[in-house]
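Notes follow the structure.
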Ligand SMILES: Cc1ncc(COP(=O)(O)O)c(C=O)c1O
């Protein structure tokens, strides 16, 4: 351990060879010097004497120390880089990237990956969607609506109509912004100007495009705390400094302080049936938020994904986008993932013309246009009223599922072990665990019984969420609620016992 620490701080040529306890010139001269250096460094990395993240001595310094030409050192570093063991960054030096992989591929791809791509290491979203697609587990993790309500027959008939009348439009390329008829239908049903809509392959694509359009590395972004984990992941990968605004307290003075202190590039919020808390920002706060954004000239990205999923209580206040008639500071993201099905991959952004234009320019590079067939079929459903009838059915089913889950948890989970507020809409119960129980333990316990929930941590831009869980109540039929509650109860009881058993030891420390 001491050896590794030493090398981290001593990146000189002498430091390197002290750590390796050998000088390459002392090795048998059967191989060229650069090969001896490669072998030595490879062995050092494999043993852990030279750990990932360590910066190797600059080429010139190493060449001087070994009294060899710089070309010899360059050859050695190139060879190591081709094996994926080190990675050179222009102006920053050469860093150890990984240990050699036993039985590795003949070509070291890992070493070829761009430095920015290596920042995408968070697997949370992928894990959630994988669990949601696994028939052997009961997923209460990913946000999935009641898919058995999907209007399959109407969808099939609409597909037939589209393929009879508009096959040519379906199979050709389409405009990057989206098909004009679909944009018109979206504007008519959800508001906005059809010319200022960009159709997307889901809201997550919109977040990625917005991050690339608005965020430079180091920019601050203020966002809900806790907030949507996919947005956290995307903004973080873009190099943003994330600053949380407590969405449950929703204190406007606190937000103003954050704007003053961090001068953020944008505010991201999901103010209607928020993921994960279910919070709805009242109209007064919406107006104050808009005033602040206009005053400090900070754009707001409003994620409106859950707006149509109100179940009980008063109707949700108008969106920030709708209220923002004068300032035009709001960019709104919507999606059919929660209203119809996530598998459709269909969403859209509404914003002022120049932003839609810039987003379209970025989108064309990764996705020249969103699938025409999906746009045309959903357009038919929206135009002929099937969509709204489906939404009414879906909400009634979601209400049943929410009530069944709430009832089952109250009945089977010991008092005080799990606290939550029953949300008026959206798809989640945001649960606070009692008695210092760690959500991760409950998650692991439930997983052994093939039930998946998400722990609170990925919803926080900073520390937080260790004692919280999010439970999606819409994805499982009401009859499954009892099994889910029993499993969670067992996990909670077992985790609470462990916490209690460890408590005296913790106090002694
Ligand atoms: C707030 C929020 N925004 C965006 C998304 C991503 O939705 P989509 O499936 O349309 O990419 C989700 C999905 O859970 C979400 O909760």
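The values are calculated or read from the model by the stated rules, or taken from the named source; none is laboratory data. Just so we're clear, the structure is a prediction, and the values are computed from it rather than from any experiment. Virtual Cβ from ideal backbone geometry, glycine too; neighbours counted across all protein chains shown.
Brief remarks follow.
- Given (1) at pLDDT 95 or above; (2) farther than 21 Å from residue 124 by Cβ, index of the condition residue 427 fails: (2)
- Flag for residue 134 being under 30 Å from residue 447 (Cα atoms), modelled with pLDDT under 95 and within 16 Å of the ligand (Cβ to nearest atom): no
- Failed item, numbered, when residue 441 is tested on (1) at pLDDT 95 or above; (2) over 21 Å from residue 277 (Cβ atoms): (1)
- Per the conditions (1) within 14 Å of the ligand (Cβ to nearest atom); (2) without any contact (Cβ under 8 Å) to a residue 40 or more places away in the chain, the sole criterion not satisfied by residue 306 is (2).
- Residue 49 vs. criteria outside the structural domain of residue 457 (by TED's automatic domain parsing), part of a loop (DSSP other than H, G, I, E, B), at pLDDT 80 or above and on the phi < 0 side of the Ramachandran plot: yes
- Some residue of the stretch 237-259 being closer than 22 Å to residue 143 by Cβ, assigned by TED's automatic domain parsing to the domain that holds residue 362 and in a helix (DSSP H, G or I): yes
- The conditions of being modelled with pLDDT of 95 or more, within 16 Å of the ligand (Cβ to nearest atom) and over 14 Å from the mean Cα position of the chain (by Cα) are met by residue 198.
- Test: residue in the stretch 12-27 that is in a loop (DSSP other than H, G, I, E, B), closer than 25 Å to residue 112 by Cβ and at pLDDT below 85: no
- Picking from residues in the stretch 432-443 that are at negative phi and in a loop (DSSP other than H, G, I, E, B), the one that is nearest to the chain's Cα centre (by Cα) is 438.
- Among residues of the stretch 120-147 that are more than 24 Å from residue 336 (Cβ to Cβ), those with a Cβ under 6 angstrom from a residue that is surrounded by 20 or more Cβ atoms within 10 Å (Cβ to Cβ) and at pLDDT below 85, sequence gap 6+ or separate chain, pair up as 137/131.
- Considering (1) out of contact with any strand residue (DSSP E or B) (no Cβ under 8 Å at 6 or more places or on another chain); (2) outside any helix (DSSP H, G or I); (3) away from the ligand (no atom under 16 Å from the Cβ), the lone condition that residue 312 does not fulfil carries the number (1).
- If you go through the stretch 257-284 and keep only what is more than 16 Å from the ligand (Cβ to nearest atom), within 25 Å of residue 214 (Cα to Cα) and either over 26 Å from the mean Cα position of the chain (by Cα) or in contact (Cβ under 8 Å) with a residue 40 or more places away in the chain (or both), you end up with 257, 260, 262, 263, 264, 265.
- Total residues in the stretch 285-303 satisfying the condition of being within 16 Å of the ligand (Cβ to nearest atom) and within 21 Å of residue 430 (Cβ to Cβ): the figure is 2.
- Any hit, the stretch 412-421, residues being within 24 Å of the chain's Cα centre (by Cα) and closer than 19 Å to residue 278 by Cα: yes
- Meets criteria (over 22 Å from residue 128 (Cα atoms) and either modelled with pLDDT of 95 or more or assigned to a helix (DSSP H, G or I) (or both)) for residue 163: yes
- Exclusive hit being in a helix (DSSP H, G or I) and either within 26 Å of the chain's Cα centre (by Cα) or surrounded by fewer than 23 Cβ atoms within 10 Å (Cβ to Cβ) (or both), set 446, 481, 466: 446
- Of all residues in the stretch 120-160, those satisfying the criterion of being in contact with a helix residue (DSSP H, G or I) (Cβ under 7 Å, 6 or more places away or on another chain) and either surrounded by fewer than 17 Cβ atoms within 10 Å (Cβ to Cβ) or in a helix (DSSP H, G or I) (or both) are 120, 122, 124, 125, 149, 154, 155, 158, 159.
- Scan the stretch 206-236 for residues that are under 23 Å from residue 328 (Cβ atoms) and either part of a helix (DSSP H, G or I) or more than 14 Å from the ligand (Cβ to nearest atom) (or both) and the total you get is 17.
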